[in-house]
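To start, the structure under review is shown below, and the notes come after it.
The values are calculated or read from the model by the stated rules, or taken from the named source; none is laboratory data. Because the structure is predicted, anything quoted here is derived from the model rather than measured. Cβ placement follows ideal geometry from the backbone for every residue including glycine, while neighbour counts extend to all protein chains displayed. Ligands, DNA and RNA are stripped out before the accessible areas are found, and what is left, the full protein with its side chains, is counted by its heavy atoms. Shrake-Rupley method; radii C 1.70, N 1.55, O 1.52, S 1.80 Å.
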Amino acid sequence: MSDEFRPNIIGFACQWCAYQSADLAGTLKYEYPSTIKLIRVPCSGRVDSAFVLEALALGVDGVFVAGCPEAECHYRFGNRIAKIRTAMLRNILPEFGIESARLRFEHVSSSDAVKFVEFAKEFDKQIRKLGPTPLRGDKHE
Amino acid sequence: MKAGVYVCHCGNNISDTVDIGELIDFARGLEGVSVVRDHLFMCSEMAWEMIRRDIVNGLVDRVVIAACTPKNHEKFFRSALEAAGLSKYMLEIANIREQCSWPHKSEKKYATEKAKLLVRSAVSKAALLEPLEDITFSIEKSVLVIGGGIGGITASLDLGNMGYRVYLVEKEPSVGGKLTKFDKIFPLNDCASCVVSPMMAEVATHPLIELITYAEIEDVEGSFGNFRVRVRKKQTYVDWDKCIGCGACTTVCPSKARVPDEFNEGLGWRTAMYIPSPHAVPRKAVHDPNVCVNCGKKTFGTKRFLRNGKEYLTPCEKACPTGAINRSIRWDPEGEIIELDIGAIIVAVGYQVMDKEVFKEYAPHSPNVITALQFERILSPTGPTEGRILKPSDMQKPNAISFISCVGSRDARYHTYCSKVCCLYMLKQARLVKEKNPEINVYIHMIDVRAPGKDLEEYYVQTRQLGINIIRGKVGGIEVLPDGKLRILGFDADIGTPVEVEVDLVVLATAIELPEDARKLARKLGINIDSSGFLKEDHPKLRTVESSLDGIFIAGCCQGPKDVSETIAQAKAAATAVAALMAGDKVRVEPYIAEVSNELCGGCGICISLCPYNALEMAEGSDETEKRVVKRDVRTCKGCGICVSSCPSGAISLSGYDDDQISAQIGAMLGVMAVRV
């Protein structure tokens, strides 16, 4: 393995839109960085702030939460809650010495594989630019 | 725990990119994994049997499949667990095809690494799975059909004939919908009201169908099998049990109390007391409070008084032979609320056509520029001209008529979609003009003629032969000449030159769109609207009558533009889908719902304010010593998990997506034991 930094990125993806857009990207054979790994959740509103902090505390380099398009949440407004939560978390992350840019919220529709792929590439690039998480200790494999 | 990991090659879809051997070795090394097997196609019968046998032989008590997305074969794999006597929810799928081998095929080494993480993540979640069972509910065997057009009527009749109780709610005083406004329908040019009238009568007299007209949906609670629907019936001031539909009240209602007639698309007038159309079913009079002029200074909704020693009756009250009208009842803008227990809902609310006023370039201020639906009324024997083709401005016969297609459809400024039926109905209208008055010159301006479907291309060819001028090209504008004639500024794409035509009447084929109030209804129901503004089906090919919510179905033009035959086909499909779901006594749903712990709940109520479905409520303790805790309604909870992530005491859990399960997945992605922060 080369010495080049390969970030570890976790995305929480809602089962109705974001997760399906990633499935569609695969089906269409669009490529995006393999650093991105999804955890399926019923709704982006399910994503507890604790999950995000937990992932970052354990040494993940970047976390994103992806939900349905604005006003199209399968559960009416879960995506709005997720968006507010991530915005608040981004505000407090610097207090822990973590750059806000390591956390993102994104709206992706289930039919918009292109948007998912573009976002994945862009986020991967951003995290590479930021380098390894300051919390990355010996815990990392 | 004894987890079985089953790795699929998917032919070479996975194995070309992911090193299966390496993945298997990795899985073998994971804690709690007892069996690791691979198969060329895990979705095959043989693999299914292999999994089942491992469970039956006691080798495996939970299953991890590393294959394609759970959306594909989750049900199939669950059935193997079920067949072996294990809870079908002891299954976790690692999506190593759609989310690994396919999108990372040019970085094979890293794809294998990612596959390992996905498998480890799935195994660590599987360790925490619980043997859940489906939740079953009793099911209310009644159906609510919203919209009494041809789609709603068809669905109601089908379900009624199958033996289900049906409530048909229509916002107008009469069922029948847009179809009753048409004169004839293509491709046979048969009489539209002859098609729909018998069905309207049947739906009104069917023993299992209850017609609730002049009513709207107030709100909807609950979920599939057990919806609780509140319907608001608007106040009419006419006792419909007594009204015999004679129309006596409508003739005495003063002409100053009048508004443009909805049934005639604004081409005629109706009074405050009215019967919506000659075809009306139920044939009952309605009082319109916005139009009423309160004859004899007797304001509706006020107490009776004596005049000249006698109790004063308004003309309508006096005219009614059955005494059905009572204008002294207090006016209640809310109307009457009817509560219904419903198992499934079919939404068939139809469409509206765009208003001509939107199109300033087409001289909408001229009374002789009309929409196709208005022209349909002119052609109809029950319309304002009794079927004679006359101009609205002076009631004279026009010498030439132009039809303009794609007004608002296939136009990036308004709607990009094709309204689908305009080409054919314009051909039909042109044909009806030629049949009635062959001397009228008819022009049709079209981008192109779209006539796919049975007998429709033939219909187009026959229409052409009647001597109708079809000009291919978009119309740029319409000028009103001093004598009231209309000059069409068109273009003939076949000869590549601008053309100008002077006509007396212009018919605009304005676009079909979702009615404004249907959006509100969609919000009340929680169903989605698609990018073209219609109600969204669950899958464009496989689930065209299902909405994204279980137990709510859609049919007809509210799902997208359609002709009568397609609407009927879809309504029948929706009725069958409802019947299939309700055939059993119980409805089974996935057990992925929230659970509140009484010990941990502090009774703060934060979750209640966040629940999108009002599935949570505060339960007061039976006495002072008992604390207030939140209770969750099994039937209304949809398992989004918003309450779980918002609970400050960690008192709410979500089966299938619980805190410890997601934490385990996070940890597995990093190779560390998860710690809660």
Where labels lie 7 Å past Cα in the beta-carbon direction, separation of B:Glu218 and A:Glu99 in nm: 5.6
Accessible area in square angstrom per residue, the stretch A:1-106, 1.4 angstrom probe: 33
Positions from the stretch B:88-104 whose accessible area shrinks by 20 Å² or more when the full protein complex is built, not the chain alone, probe 1.4 Å: B:Glu98, B:Gln99, B:Trp102, B:Pro103, B:His104
Cα pair distances of the stretch B:307-421 binned at 10 Å [whole percent]: 9, 22, 19, 24, 20, 5, 1
For the stretch B:262-289 and the stretch B:166-209, distance of Cα centres in Å: 16
Minimum 50 Å² accessible area buried by the other protein chains, the stretch B:625-665 residues, probe 1.4 Å, relative to alone: B:Cys640, B:Ile642, B:Ser645, B:Tyr657, B:Ile662
Cα long-axis angle, helix B:516-525 against chain B (0 to 90 degrees, to the nearest 10): 30
Equivalent ellipsoid, the stretch B:3-132 (semi-axes from 5 times Cα gyration tensor eigenvalues, Å): 23, 15, 13
Sparsely packed trypsin sites (Lys or Arg not before Pro) within the stretch B:529-614, loop by DSSP, other Cβ within 10 Å at most 14: B:Lys541
Point-to-point label distance, B:Glu74-B:Thr576, nm (Cα→Cβ direction, 7 Å offset): 2.7
Computed FRET value (nearest 0.05) for B:Arg307 with B:Glu626, which takes r as the C-beta separation and R₀ as 45 Å: 0.10
Hull-based mean projected area of the stretch B:57-152, where the convex hull spans the alpha carbons, in square nanometres: 10.9
Cα-based Rg of the protein assembly as shown normalised by 2.2 N^0.38 Å, two decimals: 1.14
Positions from the stretch A:23-55 whose accessible area shrinks by 50 Å² or more when the full protein complex is built, not the chain alone, probe 1.4 Å: A:Asp23, A:Lys29, A:Glu31, A:Tyr32, A:Ser34, A:Lys37, A:Ile39, A:Arg40, A:Pro42, A:Arg46, A:Phe51, A:Glu54
Backbone HN-Hα couplings from phi across the stretch B:231-238 [Karplus 6.51/-1.76/1.60, Hz, Gly and Pro as x]: 10, 9, 8, 6, 7, 10, 6, 10
Heavy-atom SASA rank of A:Arg6, A:Arg85 (probe 1.4 Å, accessible area, largest first): A:Arg6, A:Arg85
Two-site label geometry, B:Asp633 and B:His539: point separation in nm, points 7 Å out along Cα→Cβ: 3.1
Range of Cα positions in the stretch B:590-655 per principal axis (Å), largest first: 36, 22, 20
The stretch B:158-238, accessible surface, carbon-and-sulfur percent (1.4 angstrom probe): 51
Within the stretch B:590-655: Cβ-based charge dipole about Cα centre, in debye rounded to nearest 20 (Lys, Arg +1; Asp, Glu -1): 260
Distant alpha-carbon pairs in chain A (separation over 20 angstrom), percent: 43
FRET efficiency, 1/(1 + (r/R0)^6) with R0 56 Å, evaluated for B:Glu357 and B:Cys43 via beta carbons: 0.50
Average accessible area per residue (Å²) across the stretch B:352-513 - probe 1.4 Å, nucleic acids and ligands excluded: 42
Size descriptor, Kirkwood hydrodynamic radius, that averages inverse alpha-carbon separations across the stretch B:559-670, Å: 17.2
Long-range Cα-Cα pairs in chain B (distance over 45 Å), rounded percent: 40
Buried solvent-accessible surface, both chains (A, B), 1.4 Å probe, Å² to nearest 100: 4700
Per residue Cα convex hull volume in Å³ - calculated over the stretch B:235-334: 103
Average accessible surface area per residue within the stretch B:3-132, 1.4 Å rolling probe, Å²: 38
Accessible area of the stretch B:352-513 belonging to carbon and sulfur atoms, whole % at 1.4 Å probe: 51
Length released on extending from B:Lys474 to B:Ser34, taking residue separation times 0.36 nm less the Cα-Cα span: 151.4 nm
For the protein assembly as shown, calculated [θ]222 nm from helices alone, where every DSSP H run of n ≥ 4 adds -39500 (n - 2.57): -8500 deg cm²/dmol
DSSP beta bridge pairing in the protein assembly as shown, given as percent antiparallel to the nearest 5: 45
Sparsely packed chymotrypsin sites (Phe, Trp or Tyr not before Pro) within the stretch B:21-68, loop by DSSP, other Cβ within 10 Å at most 14: B:Phe41
With every protein chain in place, the stretch B:3-132: carbon and sulfur % of accessible area (1.4 Å): 51
Highest average packing first - B:461-470, B:379-388, Cβ atoms within 10 Å: B:379-388, B:461-470
Of B:Lys184/B:Lys242; B:Lys524/B:Lys627; A:Lys125/B:Lys541; B:Lys397/B:Lys454; B:Lys181/B:Lys434; B:Lys71/B:Lys536, those spanning more than 26 Å from alpha-carbon to alpha-carbon: B:Lys184/B:Lys242; B:Lys524/B:Lys627; A:Lys125/B:Lys541; B:Lys397/B:Lys454
In the stretch A:11-73, trypsin sites (Lys or Arg not before Pro) in a DSSP loop with at most 11 other beta-carbon atoms within 10 Å: A:Lys29
P(r) of the stretch B:352-513 over all Cα-Cα pairs, binned every 5 Å from zero, in whole percent: 2, 9, 19, 23, 23, 16, 7, 1, 0, 0
Whole-number Å³ per residue for the convex hull built on Cα positions in the stretch B:111-182: 224
